[in-house]
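Below: one structure, written as structure tokens.
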Amino acid sequence: MTLSYGVKKKESVTMTDTNITRAYIIAGGRSSRFGRDKSLYEFNGKPMIMHVYDALSPVFQEISIIADEGDKYSIPGVKVYPDIIPGLGPIGGVYSALCNCENGRAFVVPCDMPFLNSSLIAYMASIPPQYDVIVPMLDGHYQPLHAIYSTSCIKPIKQLIDAGKGKLIDFYNNAEIRVIGEDEITFYDDPYKVFRNINYTDDLH
């Protein structure tokens, strides 16, 4: 594993500054703890998945959804792809996203992170493309579902799946990683808000 850290930050990053054009929203979870479909749960006047979409749309030219029940989403211009291997959770969603990615790199995020920061995402997307993974780290922990993956990751992720391992970061040891450090994250927003995923309705308050 090769870890790289950066200190360069920009107050404003536009779509023309980015090195990738595609993002995928992972929406294939069962929402068992939440008790209902999280992606369509209305929060602050719109479905949770639309909060995610609205944060991504200023940054990426193409936004797609990974979900097995694609007919419940009707966002103009957004394609829905089913999980290639259903029932695997996040690792399966990332694998499906990369297998459908045509331009080599993609930003991947779940449908239950409604507090995303577009400027932070654009900053990540502006980083040169020599890395397999560009991923934030908070309190010593990777945030693998707020990350950019190269299609070079397809093979090692499939090897994890075939071995019955469900932890996405297990292949990081053999990858070129660009870590987004806490100083970079906090330049744009509160990391404890940005990476907050919603498991229960109380998490929205």
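Give Ser39, Ser31 a once-over and let me know the one that is surrounded by 13 or more Cβ atoms within 10 Å (Cβ to Cβ), at pLDDT below 95, outside any strand (DSSP E or B) and on the phi > 0 side of the Ramachandran plot.
Values: Ser39 fails: on the phi > 0 side of the Ramachandran plot.
Every option except Ser31 fails the conditions.
Taking the condition in contact with a strand residue (DSSP E or B) (Cβ under 7 Å, 6 or more places away or on another chain) and among the hydrophobic types (A, V, I, L, M, F, W, C), does Val179 pass? Give the steps one after another, and end with the answer.
Numbers: in contact with a strand residue (DSSP E or B) (Cβ under 7 Å, 6 or more places away or on another chain): yes; among the hydrophobic types (A, V, I, L, M, F, W, C): yes.
The answer is yes for Val179.
Taking every residue in the range 69-91 that is surrounded by 17 or more Cβ atoms within 10 Å (Cβ to Cβ) and pairing it with any residue that is in a loop (DSSP other than H, G, I, E, B) and among the basic types (Lys, Arg), at least 6 positions away or on another chain, the pairs with Cβ-Cβ distances below 9 Å are Ile91/Lys165; Ile91/Lys167. Screening Ile63 with (1) surrounded by 18 or more Cβ atoms within 10 Å (Cβ to Cβ); (2) outside any strand (DSSP E or B) gives one miss only, at (2).
Pairing residues of the range 115-141 that are touching a residue at least 24 places away in the same chain (Cβ under 8 Å) with residues that are of a type in the set (Asp, Glu) and crowded, with 17+ Cβ neighbours inside 10 Å, at Cβ distances under 9 Å and at least 6 apart in sequence or on separate chains, gives Leu120/Glu184; Tyr123/Glu184; Met124/Glu184; Pro136/Glu184. The number of residues in the range 66-109 that are part of a loop (DSSP other than H, G, I, E, B), out of contact with any Phe, Trp or Tyr (no Cβ under 9 Å at 6 or more places or on another chain) and under 28 Å from Arg178 (Cα atoms) comes to 4. Restricting attention to the range 147-168, the residues that are assigned to a helix (DSSP H, G or I) and touching a helix residue (DSSP H, G or I) at 6+ places or on another chain (Cβ under 7 Å) total 9.
The rows are residues; the columns are (1) of a type in the set (Phe, Trp, Tyr); (2) at pLDDT below 95; (3) more than 19 Å from Cys153 (Cα to Cα); (4) under 11 Å from the mean Cα position of the chain (by Cα).
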site	(1), (2), (3), (4)
Lys72	no, yes, yes, no
Pro76	no, yes, yes, no
Asp83	no, yes, no, no
Tyr95	yes, no, no, no
Glu102	no, yes, no, no
Asn117	no, no, yes, no
Leu120	no, no, yes, no
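If you go through the range 120-146 and keep only what is crowded, with 20+ Cβ neighbours inside 10 Å and not in a loop (DSSP other than H, G, I, E, B), you end up with Leu120, Ile121, Ala122, Tyr123, Met124, Ala125, Val133, Ile134, Val135, Pro136.
The values are calculated or read from the model by the stated rules, or taken from the named source; none is laboratory data. From a predicted model like this one, the values you see are computed outputs, not experimental measurements. Neighbour counts are summed over all protein chains in view; Cβ atoms, including those assigned to glycine, are modelled from backbone coordinates with ideal geometry.
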